[in-house]
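Working notes, structure below.
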Amino acid sequence: MNNSAVKMVNISKSFGTVQANKNVSLEFKRGEILALLGENGSGKTTLMNMLSGIYYQDSGEVFVDGEEVVISSPKDAFDLGIGMIHQHFKLVDVLTAAENIILGLKGSVTINRGKLASEIREISQKYGFALDPNKKVYDMSVSEKQKVEIVKVLYRGADMLILDEPTAVLTPQESDVLFEMLRKMKESGKAVVIITHKLQEVLFVSDRVAILRRGELVAEMNTEDATIKSLTEGMVGRKVDLAIKREEPHFGEEKLIVKDLTCLNVEGHKALNDVSFSLRAGEILGVAGIAGSGQRELCESITGLYPVENGSIIYTENDVQNELRGLTPSEIIKKGISLAFVPEDRLGMGLVAGLDMVDNMMLKSYNIEKGMLVNRKRPKRIAEMLIKALDIVTPGVSTPVRRLSGGNVQKVLLGREINSEPSVLIVAYPVRGLDINSSYTIYNLLNEQRKKGVAVMYIGEDLDVLLELCDRIMVLCNGAVSGIVDATKATKEQIGFLMTSD
Amino acid sequence: MDIDILTNFFFMAVIAATPLLFGTLGEILTQKSGSINLGVEGMMFMGASIGLSASYFYEFYAGDGTIGYIALGLAVIFGFLAGALGGFIYSVLTVTFRANQNVTGLALTIFGIGVGNLIGDLLSTHAHGFTSSTEATRRVVANVGIPFLRDIPILGRMLFSYNMMVYFAIIMALLLMWFLNKTRVGLNLRAVGESPSTADAVGINVTKYKYLAASIGGGICGLGGMVISMVDNSGTWVFNCVAGRGWIAVALVIFAAWKPSRAIFGAILFGGLSVLRLYFPLDGVPAQVYDIVPYAATIFALVLTSIRKSKESAQPKACGTNYFREER
């Protein structure tokens, strides 16, 4: 029996001058999990978006069950049994799971909710998970939302499932549940594709792996023949040293002492619940937790951007203690406290997307300059210095930062913050969306700061990186600290357990 | 206080509410598709003048043989089509050419007011003075109510003695409620308004939904204008007759939390405020103060509703932004 489900032949696609895919030929088989591996911007998602009908190829053919097909809209893809689960979930928040699942489907004028709910339960039981059809999406955790997406695709009778970075937002335990589901789907004869840049999960779950680099298919192999090293080299195109250099720590005074910190969210629930910890000079404190466990509120309450309900934030400089609670960012700056914050939302909170590098540098210093007019000379020098020091790829200092790639935007932001010579540096998800090389540049920068005696707080999501980079890891769960562990001794499983233990 | 005054006050409140309710329902439908059309006032003017024209010219040519139902029917059809044309223009500009929604809506208001008053004045000139419905048509739009039920004491006056457009508006509200909450198409429409990329990804034709919602919504707004010229003013064109009621309808959409059922109560409440002076005059309070009341209440309602924190009764998320699939 021919188990080929979908075949792509010589697919090319470009956006303007950027060639996203070039002559890619790839086959997807039933009863197999294929991992599509590549760095950010290597064209993995673009390639799969052509199967799901979001984009249409410039040239090349697609065959489903041996017959050439034209997939010009998501509807065509569904009709051919191809379903894609996007990285950013495509769900409507105010609708229920069931409503999201039947969205856009033809049928009776009104909706038979009872029948629909039992059909959904049937599908979820078949693959070994539970899903409440009447729960609203805005009340769901990330992994529940993902399950809705998966059922949505299965409900439409998909034979082939494409998952774009499915574990990016899951805890290790949740990822294991997902992998188990994927294996069940594979056993029931479906073709499964996962798009990923995490090597461990490629080895763990896939049967076959295809590697894309700069839009081209550079390697295709059975997973049993692959190693972490061969996969990395395939992805990056040259040998890469994957170890993060961790030098012997030289801890200094406790720069920041947070005690019983409690914050409320908009609904009046506790976003942070009695959080207590200390941050020493010369250390990197990692913060782990499921997305939305209070990381944002923690960063923003320390930096004076989020109202504090209770508790204290003590900053120490040369044995002089300052209470930061209740201060606004400008009051913190006036006190001469050098606190730097690299927020998660780089182009929203960190930089002004429409301004160029010079103006973005100036945001940090314009108010300490005298006179009515601004002086662009100094910020321009800083910008030029950063471009050289950090290898920032940009047409020039006067290009709006929004035109820069993700990695370069992050270098601009982190560079600016480091340039202010902070004694406390708070970074939130600094490598999100960055490729391997850029990520390692960022890790090295953070390590340099640690060596210089800066107290660094690192909010991260990749547990492997947290374990390698940090000295201690604080785990947040529902706004409370569920544990602070020594990163040199802790294991991934231990942290994963703390992330979900209430 | 005399019970008759209260029932009469309620009665007049409902009459005043009808144009508001049509405007609000039309705008709810439009906004549910993710388009915020600020042109309600303009579309009501278009519906008022063109609906009236249809009836006027029918009566002009039919003469003594005028059948009131046909006159009103034509006013309904052309009033709807005029408003729908406004909604269609809005869709062409915002959906196809991706013009800014707010600016387009404001332009549509200015355009509609101009078109409405121009056509209205032309009608008046044609009629050598002012237009007026024939007796036959007036009988059809009169507040005759429902036989027998209207004779029930108090309740009969309050609920069963209105003109047919009032009941039409209420039925429209119930129909819209059913459509949005129970039907597949309604569900798809809500998805388009909340997250067009999600709707697109499941094969819903976002462009078609947005065009239809804004056009039909505009048509319903047009009916509101038609009620003003044909029913409230008995077929006479009064310069600037819509007089800001389109704007109150836009505010009522927010007040009603995008729910047709609440729009009914909101419209009656605001209708009541606009006729307050006639029923509860206070010595020494000038008429202008009463005139301010609905607008002051609008501001008050907007402030109140903007601090409301419900996820459900919020504006559809995609409102104000235009959708373009290939955007990366």
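Read-outs: derived from the displayed coordinates by stated rules, not from any lab. In this text, all values refer to a predicted model and were calculated from it rather than measured experimentally. Cβ placement follows ideal geometry from the backbone for every residue including glycine, while neighbour counts extend to all protein chains displayed.
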#### Entry: Charge dipole (region B:13-154, unit charges on Cβ, about Cα centre) - positive-most of B:Leu38, B:Phe148, B:Pro19
B:Leu38
#### Entry: Span from the region B:206-266 Cα centroid across to the region A:355-380 one, whole angstrom
51
### Message
Based on alpha-carbon centroids, what's the gap between region A:427-459 and region B:68-141 in Å, whole number please?
### Response
62
### Query
What angle do you read, to the nearest 10 degrees and between 0 and 90, between the alpha-carbon axis of helix A:406-419 and the longest principal axis of chain A?
10
### Query
With +1 on each Lys and Arg Cβ and -1 on each Asp and Glu Cβ, how big is the dipole of the protein assembly as shown about its Cα centre, in debye rounded to the nearest 20?
800
### Message
Spelling out what I want: for every residue of region A:157-171, take phi, set θ = phi - 60°, compute 6.51 cos²θ - 1.76 cosθ + 1.60 (Karplus), and round to whole Hz; glycine and proline get x.
### Response
x, 5, 9, 10, 10, 10, 10, 8, 6, x, 9, 4, 10, 9, 6
### Query
Within chain B, which complete DSSP H helices have Cα atoms spanning at least 20 Å along the helix axis and a mean Kyte-Doolittle hydropathy of 1.6 or higher?
B:68-91, B:164-182
### Query
Roughly what % of DSSP beta bridges within chain A run antiparallel, to the nearest 5?
55
### Task
Considering the options B:Val115, B:Gly193, B:Val303, tell which one lies farthest towards the positive end of the dipole of chain B, charges being +1 on Lys and Arg and -1 on Asp and Glu at the Cβ, about the Cα centre.
B:Gly193
### Task
Find out how many positive minus negative residues lie around B:Gly203, taking Lys and Arg as positive, Asp and Glu as negative, among other residues whose Cβ is under 11 Å from that of B:Gly203.
0
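Past the 28 Å Cα-Cα mark, which pairs from A:Lys184/B:Lys317; A:Lys452/A:Lys489; A:Lys245/A:Lys380; A:Lys335/A:Lys451; A:Lys184/A:Lys245?
A:Lys184/B:Lys317; A:Lys245/A:Lys380; A:Lys184/A:Lys245
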### Query
Translational D (Stokes-Einstein, µm²/s) of region A:1-85 at 37 °C and 0.692 mPa s when Rh comes from the Kirkwood sum over C-alpha pairs?
249
### Task
Calculate how steeply helix A:436-451 sits against the longest principal axis of the alpha-carbon atoms of chain A, using the helix alpha-carbon long axis, and give the answer as 0 to 90 degrees to the nearest 10.
20
### Message
Give me the dipole magnitude in Debye, nearest 20, for region A:4-236 about the Cα centre, with unit charges on the beta carbon: positive for Lys and Arg, negative for Asp and Glu.
### Response
480
## Note on the structure
The percentage of Cα-Cα pairs in chain A separated by more than 31 Å is 51
## Note on the structure
With label points set 7 Å from each Cα along the Cα-to-Cβ direction at A:Val18 and A:Arg432, the distance between them in nm comes to 1.9
### Query
For A:Glu122 and B:Lys208, what does the FRET efficiency come to when R0 = 35 Å and r is the distance between their Cβ atoms, rounded to the nearest 0.05?
0.60
## Note on the structure
Out of B:Val253, B:Val95, B:Val303, a Gaussian network model of chain B with alpha-carbon springs under 10 Å gives the largest mean-square fluctuation to B:Val303
### Summary
With B:Leu25 itself left out, Lys, Arg at +1 and Asp, Glu at -1 over residues whose Cβ is under 14 Å from its Cβ give +3
## Note on the structure
Stretched fully, the stretch from B:Ile67 through B:Ala127 gains (0.36 nm per residue minus C-alpha distance, one decimal, in nm) 19.7 nm
### Query
What does the average come to when, for each residue of peptide A:98-110, you count the partner chain Cβ atoms lying within 10 Å of its Cβ?
5
### Within-14-Å neighbourhood charge of B:Gly116 [Cβ basis; K, R +1; D, E -1]
-1
### Task
Could you please state, rounded to a whole Å, how far the C-alpha centre of region A:306-346 is from the C-alpha centre of region B:1-39?
52
### Segment A:Lys452-A:Glu220, extension gain: residue separation times 0.36 nm, minus the distance between their alpha carbons
79.1 nm
#### Entry: Spin-label pair A:Thr491/A:Val177, simplified geometry with 7 Å Cα→Cβ offset, distance in nm
2.2
### Query
In debye to the nearest 20, how big a dipole does chain B give about its Cα centre with +1 on each Lys and Arg Cβ and -1 on each Asp and Glu Cβ?
1240
### Message
Restricting the calculation to Cα positions, tell me the Rg (one decimal) and the Dmax (whole number) of region B:41-107 in Å.
### Response
15.3, 50
#### Entry: With Cα atoms, 0 to 90° folded angle of helix A:142-155 axis to chain A main axis
20
### Task
Just name one of B:Val253, B:Gly218, B:Gly63: the one whose Cα is farthest towards the positive end of the charge dipole of the protein assembly as shown (beta-carbon charges, Lys/Arg +1, Asp/Glu -1).
B:Gly63
